[in-house]
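Reviewing the structure listed below.
The values are calculated or read from the model by the stated rules, or taken from the named source; none is laboratory data. Just so it is clear, the structure is predicted and the values come from calculations on it, not from any experiment. FYI the Cβ positions are ideal-geometry reconstructions off the backbone, even for glycines, and counts take in every protein chain you see.
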Amino acid sequence: MPEDVKEDIEVEFEEVEVETEASKSDEIKEKAEKFREDFRTKAEARTEANKEKLDETLNKSKDVAGKVGENLSKTIDDTIIAMKALQKNFDTRYQGYKDTVATGNISIDLAENKDFYYLQAYLAGIEKEDISIEATNNSVTIKACFENIMKNIESSEEDPATLIVSGIKVGEADRTVTLTEDIVKEEITAKHNNGTLFVTIPKRIVPKTKIDIE
């Protein structure tokens, strides 16, 4: 083969190779560009989906927080209302007990439960014959007669006893306890033991009547 023909063939072959390589390079670039475009599209779609899920989660969290806040606010309001009712009840009872009238030196304790009041009076040295109890529909009065040491000493004109120190009040004493609920005065019971008077006072239970609505 002539040298010049051979050289022409080699040049043409090289040009074909260059064109082939260029074509492959363009194809690779095109595929790479398409891959980048697809990846960007998918990434944007995924980002948008994640954003929507995040917004949905945030909205649910806000709803839950709002409901918790409402429930907490309602609980606080209910607690305040209950405390005010309790305070009002206490004030009413305290005012009633504060109005208790005391004359003399009768000390008492007062307790209650759902059905009864319990009254304990301290009457050291007083016999039960010298104690009386009176009751109205909502109060109890205890009366007693206090006497000093001279009552228990035998004395005569020839050998009279003389009081040296007097630290105990003598005479009539009474204590009235006003109650905040009506009582069944006919069923009050009392026990006297070792200078202590214990009184059990039944509360009057008012039955509730159901009203039919037409």
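I want to confirm something. Restricting to the range 115-130 and keeping residues that are of a type outside the set (A, V, I, L, M) and in contact (Cβ under 8 Å) with a residue 24 or more places away in the chain, which single residue is surrounded by the most Cβ atoms within 10 Å (Cβ to Cβ)? It would help to see each step written out before you state the result.
Applying the first criterion (of a type outside the set (A, V, I, L, M)) to the range 115-130 yields 115-118, 120, 122, 125, 127-130.
After this cut, where a residue has to be in contact (Cβ under 8 Å) with a residue 24 or more places away in the chain as well, the list is 115-118, 120, 122, 125, 128.
On the way: ASP115: 8, PHE116: 16, TYR117: 20, TYR118: 13, GLN120: 13, TYR122: 13, GLY125: 14, LYS128: 13.
Per the criteria, the residue is TYR117.
Is there a residue in the range 45-64 that is surrounded by 10 or more Cβ atoms within 10 Å (Cβ to Cβ), modelled with pLDDT under 75 and of a type in the set (A, V, I, L, M, F, W, C)?
Yes, there is a match, as at least one residue in the range 45-64 is surrounded by 10 or more Cβ atoms within 10 Å (Cβ to Cβ), modelled with pLDDT under 75 and of a type in the set (A, V, I, L, M, F, W, C).
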